[in-house]
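Okay, so here's the structure we're looking at.
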């Protein structure tokens, strides 16, 4: 049952697999299976985000209730994307991969895919960069979660050497 939970958690924006993998470790799930399930869950929305998020934002930017927020998202995303592109130059693929791979709030697959869409980076190139970034973030989060979990166990429940 917890595998379903981590799958769903890994699909939530801002939380993604950065939150799902520690939950898996906390509940003692097999880390390899948890890693695979979290990556699938995190990557599942990516093509939809790339293909439709920009269109939805552009559609809603002149609507009465949501217009200001949608315009803000478009302007902020475009500004951030232009800044990333200016710094990265020809290394935009690597920059996007590292942006997604660094496990900080707001730097996950959702944000990276939206930025790639706003930059017209190309579908295949964007998906590959985001996928590699998600793999990197998963390794970092899995390693960190296991180290913390085992460190806490070592401190509070040390094994007696025979």
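Quick one: Kirkwood hydrodynamic radius for region 2-156, alpha-carbon pairs, angstrom, one decimal?
Working: mean 1/r = 0.0617 Å⁻¹.
Kirkwood radius, region 2-156: 16.2 Å.
Can you tell me what the convex hull of the Cα atoms of region 1-64 projects to on average, as an area in nm²?
Projected over every direction and averaged, the Cα hull of region 1-64 covers 5.1 nm².
For the Cα atoms of the chain, what angle does the longest principal axis make with the long axis of helix 16-26, in degrees from 0 to 90, nearest 10?
10 degrees
Suppose only helical runs count, i.e. DSSP H with n ≥ 4. What mean residue ellipticity at 222 nm does that imply for the chain under -39500 (n - 2.57) per run, divided by all residues and rounded to the nearest 500 deg cm²/dmol? Walk me through the intermediate numbers first.
Values: 8 runs with 115 residues, N = 162.
Calculated from helices alone, the mean residue ellipticity at 222 nm is -23000 deg cm²/dmol.
So for the pair residue 30, residue 56, with labels modelled 7 Å out along Cα→Cβ, what separation do we get in nm?
With each label point 7 Å from Cα toward Cβ, the separation is 3.4 nm.
For a quick check: sort 111, 143 by the number of other beta carbons within 10 angstrom, fewest at the front. Write down the numbers at each step before the final one.
Working: 111 20, 143 12.
By the 10 Å Cβ count, ascending, the order reads 143, 111.
Mind checking the angle between helix 92-101 and the chain's longest principal axis? C-alpha axes, 0 to 90 degrees, to the nearest 10.
The angle comes out at about 40 degrees.
None of the figures in this text is laboratory data; all of them are computed from the coordinates on show. As the structure is a computational prediction, the values presented were derived from the model and not from experiment. Neighbour counts run over all protein chains shown; Cβ positions are idealised from the backbone, glycine included.
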